[in-house]
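Here the structure comes first, spelled out in structure tokens, and everything after it is commentary.
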Amino acid sequence: MRYLTSSWRLLCALTLAALVAGCATKTPEQRARGEIFDPYENTNRSIHAFNRGVDKAIFRPASKGYVTVVPAPVVTGFSNFAENLSYPGQALDFLLQGNPREACIAVGRFLLNTTYGLAGFFDPASEMNIPRVDTNFGETLHVWGFGEGAYVELPLYGPSTTRDAVGVVTNAITNPLGFGIVRPVENIGVYAEVLRRMGDRGNFSDTVDSILYGSADSYAQARLIYLQNRRFELANSGSGSTLDLYADPYAEFDTGTDVYDDPYEDPYAQ
Amino acid sequence: MRSNTISRRSFVMTAMAGLGAGLVPMPALALTEQSARALVDEVVANINQVIASGKSQNAMIKDFERIFVRYADVPIMARYALGPDARTASRSQLRSFTKAFQSYISRKYGRRFREFVGGRVEVKSTRKIKAGYEIRSTAYLQGQAPFEVTFLVSDKSGSEKFFNMFIEGVNLLLTERTEIGAMLDQRKGNLDQLIKDLPNAG
């Protein structure tokens, strides 16, 4: 119970931070232009340095070892297992987003993969062409109209925003499976998620390495790539400015010029 | 839904169409939806051809660079990646930077060609944008979930060329502009030093 109260306190603090960051300094124009809002850059950079150290010393070698030693189908099996565990929580989020159809797909995938997919290690749902779904509470907040907030890099987790950080914590403490009566292993979802992330880190090693270790400023690269990809993911849900942002790749040249009108024009110099 | 799978036939057709265009005087150079699609098909076919050649990695990177120069509007991409510094750079600096940028990009992405083995790009839709066309497509790479790739094509350079690409929403040119900016900062804004170092970076 004490765990729960402290998590709630953290959640409240993060929500407050998100609200403050979300409406304090970012102007609507900045938001529309899709600029990067990073008021905690100094702190973020320290956390980035820490995360990079952990990756280099532990996570990267462990992940590379994991995908080398463990046969690929088993790695995929564990990833499937972790994904399957997330479906009940996703169903809840879809409902909160007013999206019953996707909620049903998430429930259907969970039932099918848990039974025919042997506890979720296999993914018969995909073989039956049931569409993949992927959401989280960060997206729910987006649908509810919360802005992205500030960019934050979370320790041991990586790039996020204040809004998505609230989502990560909320999802972690409200996972319906966590309240089940039968819980064979405490925190099994967390272990599964770590394995899934190791599988991804190992399988996409070249890509991640090129960002973390091949770049002149890995912090700036990770920030830009995360924010753009997250905005792209959310562009199809809710009614944020992100929709317009992706719909027109020229949105950043909203001064009426584009790279061709004046190649020397700097869209950020306004 | 219109879908356009890369095939040898379409590549040959495009090549013949290109030949025809060279022989018959055209009224005006105009970018159309079909030609934008054909361009994507052609590039993918070219890249797969290089991968299938089984040459050494360095020889392949040289080939990729040739493909890059032929199909992409390298000067405008380089200028954009350089950002505000392009304004103060001299003509010869810009020229050398463009060359350096071209080999940097070819090396950085060409080195990872293995991920593209047997790759297939399906064009899903095209749309007119200010500078030309936006081509939305799905990329299918072996052992990976399909992902969305968007190409931007323009004929403002005088011929139809790519000038940007988005992978799952990530703007390639903007990412490179951030990277080049960071490299310049590391060198205290010394563009000549960057030009010297760039071909070995990435």
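The values are calculated or read from the model by the stated rules, or taken from the named source; none is laboratory data. What you are looking at is a predicted structure, and each value in this text was computed from that prediction instead of being measured. Glycine gets a Cβ as well: all are built from the backbone with ideal geometry, and neighbour counts include every protein chain shown. Only protein heavy atoms, including side chains, enter the accessible area calculation; ligands, DNA and RNA are left aside. Shrake-Rupley method; radii C 1.70, N 1.55, O 1.52, S 1.80 Å.
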**Request:** Would you confirm whether any residue within segment A:192-207 is surrounded by fewer than 20 Cβ atoms within 10 Å (Cβ to Cβ), touching an Asp or Glu at 6+ places or on another chain (Cβ under 9 Å) and β-branched (V, I, T)?
**Result:** yes
**Request:** Could you grab me the full set of residues in segment B:117-148 that are assigned to a strand (DSSP E or B), of a type in the set (K, R) and over 27 Å from B:Q57 (Cα atoms)?
**Result:** B:K124, B:R127, B:K128, B:R136
**Request:** Tell me which of these A:D134 doesn't satisfy, since it passes every other one: (1) touching a Gly at 6+ places or on another chain (Cβ under 9 Å); (2) within 25 Å of B:L172 (Cα to Cα).
**Result:** (1)
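Considering only segment B:132-176, state which residues are of a type in the set (F, W, Y) and facing another protein chain (nearest Cβ under 8 Å).
Hits for segment B:132-176 are B:F163, B:F166.
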**Fill in**
The number of residues in segment B:177-202 that are part of a helix (DSSP H, G or I) and within 9 Å of another protein chain (Cβ to nearest Cβ) is 9
**Residue among B:F116, B:F101 that alone is within 19 Å of B:S154 (Cβ to Cβ) and touching a residue at least 60 places away in the same chain (Cβ under 8 Å)** = B:F101
**Message:** Need the failing condition index for A:Y66 against (1) more than 20 Å from A:L154 (Cα to Cα); (2) part of a helix (DSSP H, G or I); (3) open to solvent by 30 Å² or more (accessible area, probe 1.4 Å); (4) in contact (Cβ under 8 Å) with a residue 24 or more places away in the chain, just the number.
**Reply:** (3)
**Item:** Scan of segment A:128-140 for residues that are among the hydrophobic types (A, V, I, L, M, F, W, C), open to solvent by less than 80 Å² (accessible area, probe 1.4 Å) and either over 22 Å from the mean Cα position of the chain (by Cα) or within 24 Å of A:G77 (Cα to Cα) (or both), ordered by number
**Value:** A:I130, A:V133
**Message:** Can you report the number of residues in segment B:97-117 which are of a type outside the set (S, T, Y), open to solvent by less than 20 Å² (accessible area, probe 1.4 Å) and closer than 19 Å to B:I76 by Cα?
**Reply:** 4
**Complete:** Exception for A:E186 within (1) within 24 Å of A:L95 (Cβ to Cβ); (2) at pLDDT below 95 falls at (1)
**Prompt:** Is there a residue in segment B:105-114 that is modelled with pLDDT of 90 or more and more than 28 Å from A:F232 (Cβ to Cβ)?
**Reply:** no
**Asked** Which of (1) outside any helix (DSSP H, G or I); (2) open to solvent by less than 60 Å² (accessible area, probe 1.4 Å) is the odd one out, the single condition B:I47 does not satisfy?
**Response** (1)
**Enumeration of residues in segment A:113-127 that are crowded, with 19+ Cβ neighbours inside 10 Å and assigned to a helix (DSSP H, G or I)** = A:N113, A:A125
**Message:** Would you confirm whether or not segment A:148-160 contains a residue that is among the aromatic types (F, W, Y) and within 18 Å of the chain's Cα centre (by Cα)?
**Reply:** yes
**Asked** Which one is most open to solvent (accessible area, probe 1.4 Å) among residues in segment A:141-172 that are at pLDDT below 95 and among the polar types (S, T, N, Q)?
**Response** A:N171
**Prompt:** Taking the condition away from chain A (no Cβ under 14 Å), of a type outside the set (S, T, Y) and more than 16 Å from the chain's Cα centre (by Cα), does B:G83 pass?
**Reply:** no
**Fill in**
Selection from segment B:170-186 of residues farther than 20 Å from A:D209 by Cα and surrounded by 15 or more Cβ atoms within 10 Å (Cβ to Cβ) yields B:L184
**Request:** Considering only segment B:55-68, state which residues are open to solvent by 60 Å² or more (accessible area, probe 1.4 Å) and not hydroxyl-bearing (S, T, Y).
**Result:** B:K55, B:Q57, B:N58, B:K62, B:R66
